[in-house]
There are 4 protein chains.
Amino acid sequence: MIKVGIVGGTGYTGVELLRLLAAHPQVALQVITSRADAGTPVNRMFPSLRGYVDIDFTHPDQARLEDCDLVFFATPNGIAMQQTRALLEAGVKVIDLAADFRIKDVAEWGKWYGMEHACPDLVAEAVYGLPEVNREQIRTARLVANPGCYPTAVQLGFIPLLGAGLIDPAHLIADAKSGVSGAGRKAEIPTLFSEASDNFKAYGVPGHRHLPEIRQGLARVHGNPVGLTFVPHLTPMIRGIHATLYGRLNADADLQALFEQRYANEPFVDVMPPGSHPETRSVRGANRCRIAVHRPQGGDTVVVLSVIDNLVKGAAGQAVQNMNLMFGLPETTALENVPLLP
Amino acid sequence: MIKVGIVGGTGYTGVELLRLLAAHPQVALQVITSRADAGTPVNRMFPSLRGYVDIDFTHPDQARLEDCDLVFFATPNGIAMQQTRALLEAGVKVIDLAADFRIKDVAEWGKWYGMEHACPDLVAEAVYGLPEVNREQIRTARLVANPGCYPTAVQLGFIPLLGAGLIDPAHLIADAKSGVSGAGRKAEIPTLFSEASDNFKAYGVPGHRHLPEIRQGLARVHGNPVGLTFVPHLTPMIRGIHATLYGRLNADADLQALFEQRYANEPFVDVMPPGSHPETRSVRGANRCRIAVHRPQGGDTVVVLSVIDNLVKGAAGQAVQNMNLMFGLPETTALENVPLLP
Amino acid sequence: MIKVGIVGGTGYTGVELLRLLAAHPQVALQVITSRADAGTPVNRMFPSLRGYVDIDFTHPDQARLEDCDLVFFATPNGIAMQQTRALLEAGVKVIDLAADFRIKDVAEWGKWYGMEHACPDLVAEAVYGLPEVNREQIRTARLVANPGCYPTAVQLGFIPLLGAGLIDPAHLIADAKSGVSGAGRKAEIPTLFSEASDNFKAYGVPGHRHLPEIRQGLARVHGNPVGLTFVPHLTPMIRGIHATLYGRLNADADLQALFEQRYANEPFVDVMPPGSHPETRSVRGANRCRIAVHRPQGGDTVVVLSVIDNLVKGAAGQAVQNMNLMFGLPETTALENVPLLP
Amino acid sequence: MIKVGIVGGTGYTGVELLRLLAAHPQVALQVITSRADAGTPVNRMFPSLRGYVDIDFTHPDQARLEDCDLVFFATPNGIAMQQTRALLEAGVKVIDLAADFRIKDVAEWGKWYGMEHACPDLVAEAVYGLPEVNREQIRTARLVANPGCYPTAVQLGFIPLLGAGLIDPAHLIADAKSGVSGAGRKAEIPTLFSEASDNFKAYGVPGHRHLPEIRQGLARVHGNPVGLTFVPHLTPMIRGIHATLYGRLNADADLQALFEQRYANEPFVDVMPPGSHPETRSVRGANRCRIAVHRPQGGDTVVVLSVIDNLVKGAAGQAVQNMNLMFGLPETTALENVPLLP
């Protein structure tokens, strides 16, 4: 059994980790920390877990995380980088669901996240946890930077095209729409029901923190920097990201075959039949990305539709997938639940 | 392996059965019928099932249901009663998720459902599939009438009080609120998104078909007829029923203890701590009923709050629970998934 | 022109007052206060008001409210009682949309609101602003206590029955469902979109602050104290209250005629035809209460369905209605907009 | 008073016309037709209109539309073209809210709408009813083709840029998101609440009927054909369209000033301050388009955000605006209601 600890268990990625880990046959949940709610039973805050999770939140100072085999950070940005070195030195593996280890250029990271990085050397060591790109490195990693939700949906949609050199890499457009849970479980007015329901808006058009992460990932595939316009939107649903991606084709190709071949062996990427329009609900609660590729009216613009559940393939599910890889388990363990539809 | 057939697989109870059965280790799904969609892959209609269900819908005339061990009817009312006798005679067990076998008084049934019953003798034989009441009879039944969604939530909430003789049985009130999936996957204007969202209404106040079913179930517990006012409402969510039940206390008692004892051994009924307000999302996607009991200001009115997922404990999940009982499997097989929250 | 000030303009009742007053031909909006947002243009916070409201929020200390003819308090409870005396002495009329002046029994008020009342004499003077009951007193009032949202819907539904002495006054039941805007524009986790959407729950079952207000209003109609069980629920819509009311009939009567006669001259109460099920959206954005009365299966339980928009007839619209009465204007001025459906 | 008739009053554009016309001081509503619901009071189908609209639906054969001054067609495509000639010859003006007269190239129209056009000469005569482009022609028109909802939002966003020749006209991208009411009040499974809520999807990516309409409008502004990729999406809200528009800049310019000058005298186009992200709810129920223009990271891609209420500025409101122009009334008559927020 893998002894698991979770730092910051009161947010949506935290409770989603609990949902998935509760069904994992190889995981023993040791500890979940919360500074504000120490002593509270986890299932009092989340009654959905009654019967599945019976421990209390532990104050970070009492958590004894070094006794775990693996620690997930489901914390705000800037926390994991303070605690990771000590854990690694104690032989504990770490998966950070926040952004602390995602951006290799720590100066760039500092610019977008508004703080100085505490451990640039660990950034260098960390493996970016997108198994469809870095599966082998993840298997042997001590420290995995779990990708952001938008970056997962956008990268998986662009990778086949960029990898094949089929589109103009200087003018990529990613128009992405997220459910409200992507904003986290924080008491803020803009994500109140009465503000966010029956409403649609873009946000962060001048610049969103996921932009450098996506650019870095796409540049790695392309081999050179790429130009990307990324516009995120808030849509009135709880879960789900729909990325609509636009690229200018610079050569002819069988796009459907390209995508199918690229993802032929991927357990969690589903290339849908030609003409499909994937719906976010088709992956609700599941660790899966569904993709369709279109070439409207046979023109020179390719349109890729890519959907994930932002809390699963976009966060906690991908983290469990990474954990499975890091511990030599079948990659799909505890990740085979059927999406909830309707 | 239990060879299973489903008649009428294109509605919400049908797809929900598929979601649950896909994860059932003892079930081999043989056939799903649909007159209108014969030949269509099931997972083209429901892409959430891609990777889990790979068969096509079969025309009812080609279905060879008699080769199954068990057939679920997820059909409109009036279908199962036409086909059940032949199946039973062929040695096939039947679980009807519609209302054909729920009401013992076939004249009463005919009044509410607007047709004459085709097989009153099978109504007499059928076991009402509420395991918390009829577990032992279900184990040996050939034919199970799976309860309605409202009746499940309302009966589980009233049973401890009526069983203990603590409330006036002549003036029960059940104010129930259902998500829209309870209306089924039928193309009708009142359940369009633009009609049903951002809106709340009562319906069927003069009389709803679940009224006689609830009355029958409560009368059985009480030992005599009961008086019930039942008001269903439509609330803008997909899944979930919240029943708010009112009764006049005629004796003093420790209500919390009463409920806890009644359901102490029930795997799927969760009596919450005193003062709780169960939320429908705490059972979303799960075969579970959560109940809280209140006595506001210490007065003589008891208020019971009872929540289920109408498609799971209110339909397909309860049907699988009944199947497990009928085939001697552990009752919770394939029904232990954690609710999806948020 | 009536010079109007609003104290506390950043909540939902504040912005709703602005929406209605912007269209009022006899109102000159002088000042809107906000401690936190002083200096911010109102229409930057609420872009829906661009083109209609062009003033900034003013710090309370600079507000010169005594120059107004009328001040609305759209503040949290406990604010209006601190400032009302000075305004009245300066000749300014006051309408409080909070609860400070609603409960005549100040000890009872203190128990439910957790503070001592600052001016019991003004509570005694204040007129409860339900025009369907107190129209004449409102016309001459200096100080109006605008009713709560639940109390408006519940009282209007019970008044005809209690006034006619037709139901048992000791065992009234009000099962009420509110949209999320009723909780106000406050940054709190339980009213986040991801918590409150696709979910339904009761709250405050042991006791809700609107209970004593409703009891007081019903007692006035009945002539003696009444017994009431009041259970509020949160439903995933922005606006709207649906009250489902239950009473035990103690005499026979033509209930439809009773309701129609009681409200025959009321511009904002619509008794719907027999058999109707009013929907909350049928009053969305409008100062209107729609009511239907049922007697299921001809039994001895009467069921009343009463819907309002909690922000209009349940708050800001009723406040404008009261203002019209206090200033001798036609009661319906600026309140005749058609509900927004769909 | 303008005597007005409405053909096809049971859809969402029909009821929205009624909402707006009920408040119009110069309109006398003469007749509303419905084949299926003839004889039914309009306000029984739409109780929101109780107290405002007191007529019944009339069978088309009894409608005497030729006695009207103006007839609105709120019908499915292909109806207006059958009846318009007779009305025009009787001296009745016509505004078609469907697509019959929008596309000047009748062969192209036939290809997208699947039928042959009945009156190409009237298509030639019809004025495209986008007042921000064709105001003067609308004033004198007998026949106005009211624009589609997507075309309104997309054209208003691109017009300043194309008019100034600032963007590459061959590679425009319009990523548009619509509320579900855009699909109309038709009983269809994909727009059921349980299908469309908590879900997001693209549709019509290979080609949507609004594509040729948008292309035609943009070509007129540009002076030559344009290349456009148009991807519509369905988002779980009732009303609203959010168009996110992308263009490649080919010259430098003060984009904010460009937009502000272009729309300086437009009563219903609101160019928001730099850095804004317009929300669909900021125009809910109002005849208004709000626009913001961005140039992310100062690159060569311009991003325009354009929001409307699809039923108002995208349909019925724009139709009333056109009516006001055609009859010499102030353009804003009956269109000054404040958006409903929250």
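The values are calculated or read from the model by the stated rules, or taken from the named source; none is laboratory data. Since the structure is predicted, the reported quantities are computational estimates derived from the model, not experimental observations. Ideal geometry is used to build each Cβ from the backbone, glycine not excepted, and the neighbour counts take in all protein chains shown. Surface accessibility is based on the protein's heavy atoms, side chains included, excluding ligands, DNA and RNA. Shrake-Rupley method; radii C 1.70, N 1.55, O 1.52, S 1.80 Å.
Tabulated data
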| item | result |
| --- | --- |
| Test: residue in the stretch A:228-236 that is out of contact with any Ser or Thr (no Cβ under 6 Å at 6 or more places or on another chain) and farther than 20 Å from A:Gly148 by Cα | no |
| Close pairs (7 angstrom Cβ cut-off, 6 or more residues apart or separate chains): closer than 15 Å to C:Leu162 by Cβ in the stretch C:209-224, surrounded by fewer than 18 Cβ atoms within 10 Å (Cβ to Cβ) and of a type in the set (Ser, Thr, Tyr) anywhere | none |
| Inter-residue pairs, beta-carbon under 6 Å, first at pLDDT 95 or above and in the stretch A:134-154, second aromatic (Phe, Trp, Tyr), 6+ apart | A:Asn134/A:Tyr128; A:Ala145/A:Phe101; A:Ala145/A:Tyr128 |
| Residue list for the stretch A:231-247, restricted to those being more than 8 Å from every other protein chain (Cβ to nearest Cβ) and either farther than 30 Å from B:Met237 by Cα or open to solvent by 10 Å² or more (accessible area, probe 1.4 Å) (or both) | A:Leu234, A:Leu245, A:Gly247 |
| Test: residue in the stretch C:320-342 that is without any contact (Cβ under 8 Å) to a residue 12 or more places away in the chain, within 13 Å of chain D (Cβ to nearest Cβ) and within 30 Å of D:Gly14 (Cα to Cα) | yes |
| Selection within the stretch D:11-41 - in contact (Cβ under 8 Å) with a residue 24 or more places away in the chain, away from chain C (no Cβ under 13 Å) and among the small types (Gly, Ala, Ser) | D:Ala28, D:Ser34, D:Ala36, D:Ala38 |
| Residue list for the stretch B:169-188, restricted to those being open to solvent by 40 Å² or more (accessible area, probe 1.4 Å) and either out of contact with any Asp or Glu (no Cβ under 6 Å at 6 or more places or on another chain) or in contact (Cβ under 8 Å) with a residue 12 or more places away in the chain (or both) | B:Ala170, B:His171, B:Gly182, B:Arg185, B:Lys186, B:Glu188 |
| Every residue from the stretch C:197-207 that is hydrophobic (A, V, I, L, M, F, W, C) and farther than 24 Å from C:Trp112 by Cβ | C:Phe200 |
| Filter result for A:Ala202 (within 17 Å of A:Ile291 (Cα to Cα) and surrounded by 24 or more Cβ atoms within 10 Å (Cβ to Cβ)) | no |
| Condition broken by D:Leu329, with the remaining ones in (1) open to solvent by less than 10 Å² (accessible area, probe 1.4 Å); (2) in contact with a strand residue (DSSP E or B) (Cβ under 9 Å, 6 or more places away or on another chain); (3) among the aliphatic types (A, V, I, L, M) satisfied | (1) |
| Residue check for C:Ala334: under 19 Å from the mean Cα position of the chain (by Cα) and in the same structural domain as C:Ile167 (by TED's automatic domain parsing) | no |
| Strands (runs of 3 or more DSSP E) contained entirely in the stretch C:1-100, each with at least 1 residues that are open to solvent by 50 Å² or more (accessible area, probe 1.4 Å) | C:2-7, C:27-33, C:93-96 |
| Count of the stretch B:101-124 residues which are open to solvent by less than 10 Å² (accessible area, probe 1.4 Å) and over 15 Å from B:Asn146 (Cβ atoms) | 2 |
| Yes/no for C:Glu108 being touching a Leu at 6+ places or on another chain (Cβ under 8 Å), modelled with pLDDT of 95 or more, more than 25 Å from C:Val312 (Cα to Cα) and assigned to a helix (DSSP H, G or I) | no |
| Residues of the stretch C:288-313 classified as in a helix (DSSP H, G or I), in contact (Cβ under 8 Å) with a residue 12 or more places away in the chain and open to solvent by 20 Å² or more (accessible area, probe 1.4 Å), total | 0 |
| Matching residues in the stretch C:286-308 - criterion: being more than 17 Å from C:Ala253 (Cβ to Cβ) and more than 11 Å from chain B (Cβ to nearest Cβ) | C:Ala286, C:Asn287, C:Arg288, C:Cys289, C:Ile308 |
| Members of the stretch A:250-277 that are open to solvent by less than 20 Å² (accessible area, probe 1.4 Å), touching a residue at least 24 places away in the same chain (Cβ under 8 Å) and either among the aliphatic types (A, V, I, L, M) or facing chain D (nearest Cβ under 7 Å) (or both) | A:Leu255, A:Val269 |
| Identity of the residue in the stretch B:178-229, within 14 Å of chain C (Cβ to nearest Cβ) and among the basic types (Lys, Arg), that ends up nearest to C:Ser282 (Cα to Cα) | B:Lys201 |
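Here's the yes/no breakdown for (1) of a type outside the set (A, V, I, L, M, F, W, C); (2) under 22 Å from the mean Cα position of the chain (by Cα):
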position: D:Leu249; (1), (2): no, no
position: D:Asp252; (1), (2): yes, no
position: D:Leu258; (1), (2): no, no
position: D:Arg262; (1), (2): yes, yes
position: D:Pro274; (1), (2): yes, no
position: D:Arg281; (1), (2): yes, yes
position: D:Arg284; (1), (2): yes, yes
position: D:Arg288; (1), (2): yes, yes
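This table checks each residue for (1) in contact (Cβ under 8 Å) with a residue 40 or more places away in the chain; (2) more than 22 Å from the chain's Cα centre (by Cα); (3) not assigned by TED's automatic domain parsing to the domain that holds D:Tyr113.
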{"site": "D:Gly9", "(1), (2), (3)": "yes, no, no"}
{"site": "D:Asp54", "(1), (2), (3)": "no, yes, no"}
{"site": "D:Asn77", "(1), (2), (3)": "no, no, no"}
{"site": "D:Thr84", "(1), (2), (3)": "yes, no, no"}
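Conditions (1) within 22 Å of the chain's Cα centre (by Cα); (2) within 23 Å of D:Ala141 (Cα to Cα); (3) modelled with pLDDT of 95 or more, marked per residue:
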{"position": "D:Gln30", "(1), (2), (3)": "no, yes, yes"}
{"position": "D:Arg44", "(1), (2), (3)": "no, no, yes"}
{"position": "D:Arg50", "(1), (2), (3)": "no, no, yes"}
{"position": "D:Phe57", "(1), (2), (3)": "no, no, yes"}
{"position": "D:Cys68", "(1), (2), (3)": "no, yes, yes"}
{"position": "D:Phe72", "(1), (2), (3)": "yes, yes, yes"}
